[in-house]
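All of the numbers you see were taken from the coordinates with simple rules; none came from a lab. Given the structure is predicted, the values throughout are model-derived calculations rather than measurements. Note that each Cβ is placed from the backbone with ideal geometry, even for glycine, and that neighbours are counted across all protein chains shown.
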């Protein structure tokens, strides 16, 4: 390898190394944290929602943020059994479903908009610091949507 080629390889290698080292610095300084109109950090975006933990706490848990291992297992087992039963064959001569769906919770009001192939509910309850959570919302204490204030209603 001649001297010119050696210098060329060395120069390209150094440029590559410098770009790899400087990329994280450039990414870290890419701008301010996006904020909502009232100045709080804007957490809107795309998140993985494949969890059996509901956004709002079921009323049966009251103000309990933490649920027991047995309760978490019961939730996971119930979901597993529901999915298994949905995989069973259907009677082709069955009656039509009730107009507007059967009233249960589910995608598109459970009127058949999407089947379980398209929806990933996850297989576990959210666990934080080794404890199973009863809801994703933790404040207010009941784990439910807080009432809409007049100020928020006017901002819409």
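Any chance you could run the full-extension gain for residue 77 through residue 36? It's 0.36 nm times the residue separation minus the Cα-Cα distance, nm to one decimal.
Fully extending the segment from residue 77 to residue 36 adds 10.8 nm.
Between residue 3 and residue 68, what is the label-to-label distance in nm when each label sits 7 Å out along the Cα-to-Cβ direction?
In this crude spin-label approximation the distance works out to 8.2 nm.
What full-extension length gain, to one decimal in nm, is calculated for residue 129 and residue 15 as 0.36 nm per residue of separation minus the Cα-Cα distance?
Value of the extension gain: 36.7 nm.
Cβ neighbours within 10 Å, averaged per peptide: list 134-146, 4-16 in order, most packed at the top.
Ranked by mean Cβ neighbours within 10 Å, highest first: 134-146, 4-16.
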